[in-house]
Amino acid sequence: MRGFEIVSTKANDGLNLPKRSTQAAAGYDFEASEDIIIPSALSNQFFKGLSILSLGKLKGVRDNADLQNILKPILIPTGIKAYMADGEYLQLVSRSSGPIKKRIMMPNGVGIVDADYYNNSSNEGEIFFQFINFGINDVKIKKGERIGQGIFLPYLLADGDDKVAKASRQGGFGSTGQN
């Protein structure tokens, strides 16, 4: 009813499926599928964008698209996709050691992977974790390093939800709620 698979484009990359580390662990540990560097606060475009905003220096920023390109976190691929039953989602959370040991955090706080993200036509449902590095030094993430956790959870629907028309998923990462 629920579980993990490796996306086909990374089937021969020697990746591990997420697993719980202890008997009582709620979260499944996800690993990075490749080496990646998360730039430090001194060079990260996200923090440059915050500086521009806080200092009121909007030179060269013409519209929201320009600002969006500046305030962009780093996406770390996992090479993993998740399948689940109707009425469930996979919640992505940071490891507790991320902010303390590496000075990295998820800018969205919590990620949500919907059931219809699995095998989407855009990226086969590959799960990514977003991070920003608020430390002074760049953080090097190595392939196979644990970067976050996933927790399968049920959700409830509001009364009358079944009467509201819904679209079918048309893409991959960040494709819902495109208003």
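One table, with the values for the structure above:
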item: Matching residues in segment 14-25 - criterion: being surrounded by 13 or more Cβ atoms within 10 Å (Cβ to Cβ) and among the aliphatic types (A, V, I, L, M); result: Leu15, Leu17
item: Qualifying residue in segment 94-105 (condition: in a strand (DSSP E or B), modelled with pLDDT under 95 and farther than 18 Å from Ala26 by Cα); result: yes
item: Count of segment 106-123 residues which are among the acidic types (Asp, Glu) and assigned to a strand (DSSP E or B); result: 1
item: Subset of segment 135-146 [at pLDDT below 95 and charged (D, E, K, R)]; result: Asp138
item: Hits in segment 91-108 - residues which are within 22 Å of Phe4 (Cα to Cα) and either of a type outside the set (A, V, I, L, M, F, W, C) or surrounded by fewer than 13 Cβ atoms within 10 Å (Cβ to Cβ) (or both); result: Gln91, Ser94, Arg95
item: Check on Phe173, aromatic (Phe, Trp, Tyr), surrounded by 10 or more Cβ atoms within 10 Å (Cβ to Cβ) and at pLDDT 95 or above; result: no
item: Residue match in segment 75-95 (condition: over 15 Å from the mean Cα position of the chain (by Cα) and closer than 26 Å to Asn137 by Cβ); result: no
item: Count - residues of segment 129-150 that are among the charged types (D, E, K, R), in contact with a Pro (Cβ under 7 Å, 6 or more places away or on another chain) and closer than 21 Å to Gly27 by Cβ; result: 0
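Rundown of residues vs (1) loosely packed, with under 14 Cβ neighbours inside 10 Å; (2) at pLDDT 95 or above; (3) not basic (Lys, Arg), yes/no style:
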{"position": "Ile112", "(1), (2), (3)": "yes, yes, yes"}
{"position": "Glu124", "(1), (2), (3)": "no, yes, yes"}
{"position": "Gly148", "(1), (2), (3)": "no, yes, yes"}
{"position": "Phe152", "(1), (2), (3)": "no, yes, yes"}
{"position": "Tyr155", "(1), (2), (3)": "yes, yes, yes"}
{"position": "Ala165", "(1), (2), (3)": "yes, no, yes"}
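The values are calculated or read from the model by the stated rules, or taken from the named source; none is laboratory data. This is a predicted model, so every value here is computed, not measured. Because the Cβ atoms are built from the backbone with ideal geometry, glycine has one as well, and the counts that use them run over all protein chains shown.
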